[in-house]
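Any read-out appearing in this document is the output of simple, stated calculations on the displayed coordinates, not a laboratory observation. Keep in mind the model is a prediction, meaning the values are calculated, not measured. Reconstructed Cβ throughout: ideal geometry from the backbone, glycine too, with neighbour counts over all protein chains shown.
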Amino acid sequence: MLHGLLWILTRAPHAPDVPGARGLRVAAVPGAGALLAHALDLRALAPYPRLLPVGGADVDGGAALLLGLGHLPLASLQRRADDVARLSPSDAETVVAMAGATTLAAAAAALFVHRNTLVQRLARIGERTGLDPRVPTDLAALRLGLLAREALGEGAAG
């Protein structure tokens with residue numbers, strides 16, 4: 001136990017299965033400095049365990065967003081959560097689908113909706129937040145806001 005977290009360090013290709021555990025998996029690190037950097041990032045997420053996936057997930061682009069979020073002061077998290085406070089669960093689902101897709105058609109398919117329905121949802125999200133999910137920087141801000149909302153226990157980020 002370190003910083004209120006259980007750390008499992010292993011040379012095995014797969015981490016041991018700990019039922020119900022939440023966390024992130026980090027691939028082999030090149031040295032002590034990189035290990036320390038990962039430890040500091042993960043420690044920053046300790047106050048927000050609901051953001052960590054059950055069963056663990058590899059640190060990738062999505063996890064990097066989580067790690068950055070963990071370093072934000074509480075007031076910044078609240079401001080980000082406030083940015084998306086008016087989004088419904090279907091709006092949040094739409095933002096998550098857009099963040100995981102490369103095209104509108106792919107996002108619509110992931111949501112099982114017609115492309116025109118997706119376009120209408122995107123317009124509604126823009127009206128509610130002032131951010132356009134079709135613009136990459138706005139989409140990133142929306143996704144960060146949803147994660148902040150989830151971290152603070154104010155709604156499901158998806």
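Tabulated results
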quantity: Relative packing of 135-143, 17-25, which averages over residues the other C-beta atoms within 10 Å, highest first; calculated: 135-143, 17-25
quantity: Cα-based Rg of the chain normalised by 2.2 N^0.38 Å, two decimals; calculated: 1.14
quantity: Value at 222 nm in deg cm²/dmol, rounded to 500, when DSSP H runs of n ≥ 4 in the chain each add -39,500 (n - 2.57); calculated: -16500 deg cm²/dmol
quantity: Cα-based equivalent ellipsoid, the range 75-151: semi-axes from gyration tensor eigenvalues, Å; calculated: 21, 11, 11
quantity: Listed peptides 63-69, 27-33 by packing density, highest first (mean Cβ within 10 Å); calculated: 63-69, 27-33
quantity: Principal axis dimensions, largest first and in whole angstrom, of the range 114-158 by Cα; calculated: 32, 21, 15
